[in-house]
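Chemist: So that we are looking at the same thing, I have put the structure below in structure tokens.
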Amino acid sequence: MTYSGKVRVGGPAEAHELGELIISKVAVGPMENNAYLLRCRETGEQLLIDAAAEPGTLLRLIGPDGLRTVVTTHQHPDHWQALAEVVAATGALTCAGREDAAGIPVPTDAPLDDGDVVRVGRVELGVRHLRGHTPGSVALVYDDPDGAPHVFTGDSLFPGGVGNTRGDAAAFQQLIGDVEERLFTPLPDETWIYPGHGDDTSLGAERPHLGEWRARGW
């Protein structure tokens, strides 16, 4: 099946198969969150991004090969409702942005800072700290040696804009500044974006609208 990035709660996962990495995307309720399971082709090691909800759904996706690591993109509860159950079932190492770790009720084994690297088997994911939606939101960047980069943005970047900053002008300026500096500036238009909710997008699709987002303030 061709990967579309369009998944719905109650529907099947979709797999984006790359040369060194398989990315499986599933939607879970009740907030229609996306969770992403990354599998290193060479070693079979797996990493989950956001144990958002529906632990049964996530554990079925993980399957019998187990889970090495789970990364929580930020501290909002809809992104960690299944974290305790997934960790209890798999013994996975937990990671989250340093400034958000205290807001996640499952202890964080490895706090993340901008520029850190998270590994899944032979694959490396670069950490980008994107402040504004929450103090410690992080994105993960996979620089595919065979193609365009792939970025898991949590709730910091979506099709059509950056994440919700709840009317806080300073937080909005911080978030759009970080997104521009740490994603749009260093990465090419072909970069694939996997958000915390909804369909995928690309930096190229969103780049022409950065000025509009700044002007509207959200």
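The values are calculated or read from the model by the stated rules, or taken from the named source; none is laboratory data. Quick caveat, the model's predicted, so the values are computed rather than measured. Using ideal geometry, Cβ is built from the backbone for each residue, glycine included, and neighbour counts are taken over all protein chains shown.
Chemist: Residues being β-branched (Val, Ile, Thr), within 20 Å of Tyr142 (Cα to Cα) and touching a helix residue (DSSP H, G or I) at 6+ places or on another chain (Cβ under 6 Å): count how many of those fall in the range 1-40.
Modeler: Qualifying residue count for the region: 1.
Chemist: On the basis of being touching a residue at least 60 places away in the same chain (Cβ under 8 Å) and among the basic types (Lys, Arg), does Arg216 make the cut?
Modeler: No; evaluated as a whole, the condition is false for this residue.
Chemist: Further, regarding this structure: When you go through (1) among the polar types (S, T, N, Q); (2) outside any strand (DSSP E or B); (3) under 23 Å from Leu130 (Cβ atoms) one by one for Thr43, which number turns out not to apply?
Modeler: So Thr43 meets the others, but not (3).
Chemist: Limited to the range 58-76, what total is found for residues that are without any contact (Cβ under 8 Å) to a residue 24 or more places away in the chain and not in a helix (DSSP H, G or I)?
Modeler: Residues in the range 58-76 being without any contact (Cβ under 8 Å) to a residue 24 or more places away in the chain and not in a helix (DSSP H, G or I): 0 in total.
Chemist: Okay, moving on. For the subset of the range 87-98 comprising residues that are farther than 17 Å from Thr153 by Cβ and of a type outside the set (S, T, N, Q), which member is surrounded by the most Cβ atoms within 10 Å (Cβ to Cβ)?
Modeler: Going through the qualifying residues, I end up with Ala92.
Chemist: Still on this model: Are any residues in the range 77-106 in contact with a helix residue (DSSP H, G or I) (Cβ under 8 Å, 6 or more places away or on another chain) and in a loop (DSSP other than H, G, I, E, B), and if so, which ones?
Modeler: Scanning the range 77-106 gives Ala82, Ala92, Ile104, Pro105, Val106.
Chemist: Still on this model: If you scan the range 42-86, which residues turn out to be within 25 Å of Asp113 (Cβ to Cβ), of a type in the set (Asp, Glu) and surrounded by fewer than 21 Cβ atoms within 10 Å (Cβ to Cβ)?
Modeler: Glu45, Asp78
Chemist: Restricting to the range 21-35, name every residue that is buried (at least 17 other Cβ atoms within 10 Å of the Cβ) and in contact (Cβ under 8 Å) with a residue 24 or more places away in the chain.
Modeler: Leu21, Ile23, Ser24, Lys25, Val26, Val28, Asn33, Asn34, Ala35
Chemist: Another question about this same structure. Could you list, in sequence order, all residues of the range 121-157 that are under 13 Å from Cys95 (Cβ atoms) and either over 14 Å from the mean Cα position of the chain (by Cα) or among the acidic types (Asp, Glu) (or both)?
Modeler: Answer for the range 121-157, where residues must be under 13 Å from Cys95 (Cβ atoms) and either over 14 Å from the mean Cα position of the chain (by Cα) or among the acidic types (Asp, Glu) (or both): there is none.
Chemist: Here's a follow-up. Which of the residues that make up the range 108-143 are in contact with a strand residue (DSSP E or B) (Cβ under 6 Å, 6 or more places away or on another chain), surrounded by fewer than 16 Cβ atoms within 10 Å (Cβ to Cβ) and without any contact (Cβ under 8 Å) to a residue 60 or more places away in the chain?
Modeler: Scanning the range 108-143 gives Asp109, Ala110, Val117, Glu124.
Chemist: Hey, another quick one. Examine the range 2-17 for a residue that is surrounded by 14 or more Cβ atoms within 10 Å (Cβ to Cβ), under 17 Å from the mean Cα position of the chain (by Cα) and among the aromatic types (Phe, Trp, Tyr), and state whether such a residue exists.
Modeler: no
Chemist: For the range 148-218, which fully contained helices (runs of 4 or more DSSP H) count at least 2 residues that are at pLDDT 95 or above, within 26 Å of Gln81 (Cα to Cα) and not acidic (Asp, Glu)?
Modeler: So the answer is 169-179.
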